[in-house]
Amino acid sequence: MNRSRLLARAAVPLAAAAGVLALAAPALAHVEVESGTARALATNAVVAFDTEGESSSAGIKQVKVVLPAGIAPSDVSLVEAPKGWSFTPSEDGYQVAGAALAPGKNAAYKIKVRQLPNERSVAFKTLVTYSDGHVDRWIELPQGGAEPAHPAPVLKLAAAAPGAKPLPTSSSASPSAAPSPTATSGAPSAAPSAAPSSASPEATVPVASDGGSGSGTATVAVVALLAAAIVGVLVWRRRAAPRD
């Protein structure tokens with residue numbers, strides 16, 4: 001067998017192997033996430049995101065993220081973002097937004113997480129809004145080993161350090177309620193409306209106490225009526241008695 005035939009035969013399995021590897025290789029996520037402290041239960045972990053600008057005619061103006069279980073909106077703060085962009089917590093995550101970037105420019109930003117969950121990985125489902133209104137939804141998770149078409153950015157976590165413990169859980173209700181008064185001018189009106197509703201149960205207490213004093217007043221009235229009746233009977237007897 002000559003050398004050319006040997007090379008041809010060797011090329012067939014190599015090509016097949018290359019095809020299998022190409023199919024098995026995961027597709028690159030269009031929102032990348034990384035952290036130098038990607039470890040379970042790590043505290044004050046800085047997590048960096050790089051959102052690819054995929055439009056040639058419109059720029060990214062908003063990146064909205066749904067936080068994974070174990071991270072509350074109040075546990076997240078902004079470290080770095082495109083110039084002029086602001087960070088706003090939401091009920092289930094946060095958004096980073098501002099003036100639209102140039103078409104094709106990536107939206108890179110960093111956040112600080114109070115403590116990462118005690119998990120092997122965490123997914124940050126992301127919605128990317130462009131200046132023309134188009135929204136890319138990078139929210140899908142792998143199922144059955146298949147790589148999704150629109151994968152959510154997933155941060156793999158190393159095992160927790162020896163002795164690491166979960167921090168006390170922060171309230172998830174207060175953070176979502178806290179930004180709303182500053183985000184919308186109408187929100188402060190919710191506080192006065194809440195006050196009467198909370199006061200209304202207290203208002204029932206005086207009603208109950210008034211009911212108790214009313215029963216005491218009724219008792220006094222009955223005694224007074226009985227006394228008046230006795231006096232009336234005595235007066236009637238005196239008048240009805242025969243005179244000497």
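Set against the 2.2 N^0.38 Å expectation for a compact globular protein, the range 61-112 has a Cα radius of gyration ratio of 1.14.
Over the range 28-191, all Cα pairs binned in 5 Å intervals from 0 give whole-percent P(r) values of 2, 9, 17, 20, 19, 16, 11, 5, 2, 1, 0, listed from short to long. For the range 28-191, relative contact order (Cα pairs under 8 Å, six or more residues apart, normalised by length) works out to 30 percent. Bridging of K110 to lysines at a Cα separation below 21 Å is possible for K61, K64, K83, K125, K156, once same-chain residues fewer than 8 apart are set aside. Other residues whose C-beta falls under 11 angstrom from the C-beta of E32 contribute a net charge of -3, scoring Lys and Arg +1 and Asp and Glu -1.
Other residues whose C-beta falls under 13 angstrom from the C-beta of L127 contribute a net charge of +1, scoring Lys and Arg +1 and Asp and Glu -1.
The numbers here are math on the coordinates, done by the rules we state, and not lab data. Please read all numbers here as calculations on a predicted model, not as lab measurements. Positions of Cβ are backbone-derived with ideal geometry, glycine not excepted, and every protein chain shown enters the neighbour counts.
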